[in-house]
Amino acid sequence: MSGKLLHEEIYRGSAEVAKLAVPQVVLCGAGALGSHLADNLARQGFAKLRAIDHDRIEEHNVSTQLYGLSDVGVWKVEALRNQLFRASGVEIEAMRKELTEKSAGTLLKDADIIVDAFDNSAARQIVQNHARSSGKPCLHMGVNADYAEVIWDELYRVPRDVGQDACNYPLARNLVLLAVAVASETLVSFVLEGVRRNWSVTLRDLNVARFGE
């Protein structure tokens, strides 16, 4: 009988897919990038996932995030945990907490890989500070209008906030999904091959290029 990861196992090999279930991946943010990335990773074979977020789902989230209208008002991490368990049988750790300088040590302490999918500079800086002080590998994801980045911490600079309403900015669903696909494959390559690849993504020309090249 074929299993839920059949196609990934045919493509990558059963032994390789089994390796994806080993590392503890901590996702910082369960919004557009974080929710879709969690879904992708769970369906690819990642089995140890933790999501950190302290926001509720709002109606404007439906177009770009994993959630539906029936989830409006629910805590994002709770909805994400329920949806991933129903979809793939993976039960993630849902941490309905704010990541602060004080809580970072506890929330991130046993992470093998940290993924920064936050939408504000202050939270991103906290993630970077912890990753650099602890030596943990950290992948940053970010989107802005037509552009996205998927960059390991060694090359990452925390951007300044643009000064607008955090919920009122241009964001295309296809850019989110494209960035998530790139980040998913980047994490797979890191786990299986130990390589850290960095990417820039632009939507209008559907371009994915190595960052800095």
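Only one of V201, V188, V176 is in contact (Cβ under 8 Å) with a residue 60 or more places away in the chain and in contact with an Asp or Glu (Cβ under 9 Å, 6 or more places away or on another chain). Can you tell me which? Even if it seems obvious, please write down each step before you answer.
Working: V201 fails: in contact (Cβ under 8 Å) with a residue 60 or more places away in the chain; V176 fails: in contact with an Asp or Glu (Cβ under 9 Å, 6 or more places away or on another chain).
The unique qualifying residue is V188.
Is one or more of the residues making up the stretch 37-44 of a type in the set (A, V, I, L, M), part of a loop (DSSP other than H, G, I, E, B) and either at pLDDT 95 or above or at positive phi (or both)? No, every residue in the stretch 37-44 fails to be of a type in the set (A, V, I, L, M), part of a loop (DSSP other than H, G, I, E, B) and either at pLDDT 95 or above or at positive phi (or both).
Please indicate, with yes or no, whether at least one residue in the stretch 65-86 is surrounded by fewer than 20 Cβ atoms within 10 Å (Cβ to Cβ) and closer than 20 Å to V188 by Cβ. Outline the logic, then answer.
Taking the stretch 65-86 first, the residues surrounded by fewer than 20 Cβ atoms within 10 Å (Cβ to Cβ) are 68-70, 72-75, 78, 82-83, 85-86.
Narrowing further to those that are closer than 20 Å to V188 by Cβ: none.
Checking the stretch 65-86: not a single residue is surrounded by fewer than 20 Cβ atoms within 10 Å (Cβ to Cβ) and closer than 20 Å to V188 by Cβ.
Which of the residues that make up the stretch 74-92 are within 14 Å of the chain's Cα centre (by Cα) and not in a helix (DSSP H, G or I)? Within the stretch 74-92, I92 is the sole residue that qualifies.
When S63, S70 are screened for being part of a loop (DSSP other than H, G, I, E, B), small (G, A, S) and over 16 Å from the mean Cα position of the chain (by Cα), only S63 passes. For the criterion of being hydrophobic (A, V, I, L, M, F, W, C), touching a Cys at 6+ places or on another chain (Cβ under 6 Å) and on the phi < 0 side of the Ramachandran plot, I10 fails. Going by what's in this entry, would S103 be described as farther than 19 Å from S184 by Cβ, in contact with a Lys or Arg (Cβ under 7 Å, 6 or more places away or on another chain) and in contact (Cβ under 8 Å) with a residue 40 or more places away in the chain? So S103 fails the test. The single residue among A21, A30, A42 that is among the small types (G, A, S) and closer than 14 Å to D119 by Cα turns out to be A30. For A30, the conditions (1) assigned to a loop (DSSP other than H, G, I, E, B); (2) farther than 18 Å from S103 by Cβ all hold with the exception of (2).
In the stretch 121-150, how many are exposed (fewer than 13 other Cβ atoms within 10 Å of the Cβ) and among the polar types (S, T, N, Q)? Total satisfying the criteria: 1. Cβ-Cβ contacts under 6 Å between residues 6 or more apart (or on different chains), taken from a first residue in the stretch 72-91 that is more than 12 Å from A51 (Cα to Cα) to a second residue that is at pLDDT 95 or above and assigned to a helix (DSSP H, G or I), are listed as V72/E59; S88/A42; S88/R43; V90/A42; V90/L84.
Those helices (runs of 4 or more DSSP H) of the stretch 94-213 that lie entirely within it include none in which at least 3 residues are basic (K, R), more than 17 Å from G34 (Cα to Cα) and at pLDDT 95 or above.
The values are calculated or read from the model by the stated rules, or taken from the named source; none is laboratory data. Note that the structure is predicted; figures quoted are calculated from it, not measured. Glycine gets a Cβ as well: all are built from the backbone with ideal geometry, and neighbour counts include every protein chain shown.
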